[in-house]
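For reference, the structure discussed in these notes is given below.
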Amino acid sequence: LFRSYLLKVSIGPVQEFIAEARKTRDLWVGSYLLSRVTFEAMRPFIESGVVEIIYPALDFSPFYRKFYSNSKSATDQKELEVASLPNHFLVSVPRDDIDSLIKDSKSRLESFLGNIAEGIREYITKNIDAVYDGWDSLWDFQTCDLWQFIWVAIPVDDDDLDKNYEEKAGQIQRFLEERKLTRTFKQWHGSAAIKCTQCGHREVIGPVELDKVSGFWEELRIKFKTNIRKGDRLCAICTVKRFLKSSDMLDGLSEIRFESTRDIAVIPFKEFISSHKEELGGNVQNLIDRAGELKSFVYQQNEVSMSVGDIGGDFLYKDDLTPIKLLKEYSPELKEGAAAYDSKREYLKELSDGLVDALDAEIGRASCRERV
């Protein structure tokens, strides 16, 4: 008679959840939250005292050391910033305990995520001035049906784990892949709501009356400028990602500053410009001036002194420096054909053309020669 089970648990989705990102921080939040949720699902097994954790090796996990060790390294900020756990784990569980531990694991995961989502919903509600009836009507459905808690188990004895582990590990992995093909989910028939501008497949949260959705998101943008950009219309999941604080996922974790993906991509170009100022002469200052003028206009700021390092990635991609794209990105509230739209488009054309000319000048040619 088998006295124990080899149990494998997988938390998902992985690719979909992480890929639904618009900002560098969104990528980190998706990856980190998935790792943190997996650890939360593991904790009932860790705390049971009767389970052998086979994979992952918890001694190397900063999460494990933070919660279950008195070591000073357990609270090291840099280590805790890393999404250090995979989204699945393998354990050996006594036969009499497997049902209760699986139940506790799933409950722990759902409670952890539910508390995070509910806290963000309450925070938004508390800070909205206008009354938007039903703005969160899709919230519970979208947040509750996101996570996949998938598990499979096979009976094993001591000899299986000591002598036939490779065979059993391969067998349970095959069973897990087959189980994923038969995932159960709550069917959603859709609604008249528009789709999320970030993930593109879930419906936007907002008032029941569609004509009030724009006003709702504009108020959120004004209230929460660091979280919501012009033109954003998000579902509940993407909203949670945007408002989620590091300390919401792990108590005591400090906020991390992230550069945008575009800012990261243009670092080598800006470093080249800075190191070749004498060779490039006045072209460098011309580029700085043209970028500063455009930045001041789209952000509605007074002109400020600029350096090469202050030029954002958004202003170094020529293909995006067109009046239409700039209006869509920075003034989505303006409607094509309106007087204000046409006026702003004409001035943006003048500014963007000047910046493109600066990029096409000797700076670009010298950069190409250097790279070749």
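The values are calculated or read from the model by the stated rules, or taken from the named source; none is laboratory data. The structure presented is a predicted model; accordingly, all values stated were derived computationally and were not measured. Glycine also receives a Cβ, built like all others from the backbone with ideal geometry; neighbour counts cover every protein chain displayed. The protein model used for the area step is the full one, side chains on, heavy atoms only, and it has no ligands, DNA or RNA in it. Shrake-Rupley method; radii C 1.70, N 1.55, O 1.52, S 1.80 Å.
So how do Leu348, Leu334, Leu181 rank on accessible area, 1.4 Å probe, biggest first, that is with the largest at the start?
Greatest to least solvent exposure: Leu181, Leu334, Leu348.
What does the accessible area per residue of region 16-86 come to in Å², with a 1.4 Å probe and no ligands, DNA or RNA counted?
Working: 3200 Å² over 71 residues.
Result: 45 Å² of accessible area for each residue.
Is the C-alpha gyration tensor of region 50-149 telling us rounded, prolate or oblate? Criteria: a/c under 1.5 is rounded; beyond that, a/b larger than b/c is prolate, otherwise oblate. All intermediate terms of the calculation are to be shown ahead of the outcome.
On the way: a/c = 3.19, a/b = 1.59, b/c = 2.00.
Oblate shape, in that a/c is at least 1.5 and b/c is the bigger or equal ratio.
More than 15 angstrom separation, counting every C-alpha pair in region 139-229; what % is that?
Values: 3052 of 4095 pairs.
Across region 139-229, Cα pairs with separations above 15 Å total 75 percent.
Once every DSSP H run of n ≥ 4 in the chain is given -39500 (n - 2.57) and the sum is divided by its residues, what mean residue ellipticity at 222 nm do you get, rounded to the nearest 500 deg cm²/dmol?
Working: 18 runs with 197 residues, N = 372.
That comes out to -16000 deg cm²/dmol.
Could you tell me what percent of the DSSP beta bridges with both partners in the chain are antiparallel, to the nearest 5?
Counting DSSP beta bridges with both partners in the chain, the antiparallel share is about 100 percent.
Please list, in order along region 211-221, the HN-Hα scalar couplings obtained from phi with the Karplus expression 6.51 cos²θ - 1.76 cosθ + 1.60 (θ = phi - 60°), rounded to whole Hz, x for Gly and Pro.
For region 211-221, the Karplus-derived couplings read 6, 9, 5, 4, x, 4, 6, 5, 5, 4, 5 Hz, x marking Gly and Pro.
Please work out whether region 255-297 counts as rounded, prolate or oblate from its C-alpha gyration tensor, where a ≥ b ≥ c are the square roots of the eigenvalues and a/c under 1.5 means rounded, while otherwise a/b larger than b/c means prolate and anything else oblate? Walk me through the numbers on the way to the answer.
Numbers: a/c = 3.18, a/b = 1.42, b/c = 2.24.
Taking the square roots of the gyration eigenvalues as a ≥ b ≥ c, region 255-297 is oblate.
Rounded if a/c is under 1.5, else prolate if a/b is larger than b/c, else oblate: which is region 33-106, with a ≥ b ≥ c the root eigenvalues of its Cα gyration tensor?
Working: a/c = 2.35, a/b = 1.81, b/c = 1.30.
Because a/c hits 1.5 or more and a/b exceeds b/c, region 33-106 counts as prolate.
Can you give me the % of accessible surface on region 84-223 that is carbon or sulfur? Probe 1.4 Å, all protein chains present, nothing else counted. Mind showing how you got there, number by number?
Values: 3930 of 8050 Å².
Heavy-atom surface of region 84-223 belonging to carbon and sulfur, 1.4 Å probe: 49 percent.
Mind checking the per residue accessible area of region 273-328 for me, 1.4 Å probe, whole number of Å²? Display every interim value, and only then the final one.
On the way: 3150 Å² over 56 residues.
Averaged over the residues of region 273-328, the accessible area is 56 Å².
Using bins 5 angstrom wide from zero, how does P(r) for region 83-201 break down, in % of all Cα pairs?
2, 7, 13, 15, 17, 13, 10, 8, 6, 4, 3, 1, 1, 0
Please report, as a whole percent, how much of the solvent-accessible surface of region 225-285 comes from carbon and sulfur atoms (probe radius 1.4 Å).
Details: 1450 of 3090 Å².
Accessible surface attributable to carbon and sulfur in region 225-285 totals 47 percent.
Ordering Tyr32, Tyr123 by how much accessible area each has at a 1.4 Å probe, largest first, what is the list? Please list the in-between numbers first.
Working: Tyr32 0, Tyr123 95 Å².
The ordering from most to least exposed comes out as Tyr123, Tyr32.
Over the residues of region 284-324, compute the C-alpha Rg and express it relative to 2.2 N^0.38 Å. Each step should come with its number before you reach the end.
On the way: Rg = 9.9 Å, N = 41, 2.2 N^0.38 = 9.0 Å.
After normalising by residue count via 2.2 N^0.38 Å, the value is 1.10.
Averaging sequence separations of C-alpha pairs under 8 Å and six or more residues apart, then dividing by the length of region 75-211, give the relative contact order as a whole percent. Show your work: numbers first, answer last.
Values: 54 pairs, mean separation 37.4, N = 137.
Contact order relative to length: 27 percent.
Which far-off residues, 5 or more places away or on another chain, put their amide H under 5 Å from the one on Ile194, with H placed in the peptide plane?
Val204
Where q = 0.14 Å⁻¹, what log10 of I(q)/I(0) comes from the Debye formula for region 109-267, counting one point per Cα?
Those come out to -0.86, one per q.
Around Gly114, what is the net charge, scoring Lys/Arg as +1 and Asp/Glu as -1 over all other residues with Cβ under 13 Å from its Cβ? Don't skip to the end; give the middle numbers.
Numbers: positive: Lys106, Arg108, Arg121; negative: Glu40, Glu110, Glu118, Glu122, Asp140, Asp145, Asp248.
Net charge around Gly114: -4.
Which of the lysines could a cross-linker span from Lys78 if the Cα-Cα distance has to be under 24 Å and same-chain partners fewer than 8 positions apart are dropped?
Lys23, Lys66, Lys241, Lys245
Please list the radius of gyration and Dmax for region 284-358, considering alpha-carbon atoms only, with Å as the unit.
12.1, 37
Give the lysines whose C-alpha is closer than 25 Å to that of Lys349, dropping any in the same chain fewer than 8 places away, or say none.
Partners within reach: Lys230, Lys270, Lys295, Lys318, Lys325, Lys328, Lys335.
Rounded to a whole number of µm²/s, how large is the Stokes-Einstein D of the chain at 10 °C and 1.306 mPa s, given Rh as the Kirkwood radius over C-alpha pairs? Write out the running numbers ahead of the final one.
Details: Rh = 24.4 Å.
Diffusion coefficient, whole number: 65 µm²/s.
Which whole-number percent of Cα pairs in region 236-280 have a distance greater than 16 Å?
Details: 615 of 990 pairs.
Summing the P(r) tail past 16 Å for region 236-280 gives 62 percent.
How large are Rg and Dmax for region 232-372 when only the alpha carbon atoms are used, in Å?
Taking only Cα atoms of region 232-372, I get Rg and Dmax of 18.2, 51 Å.
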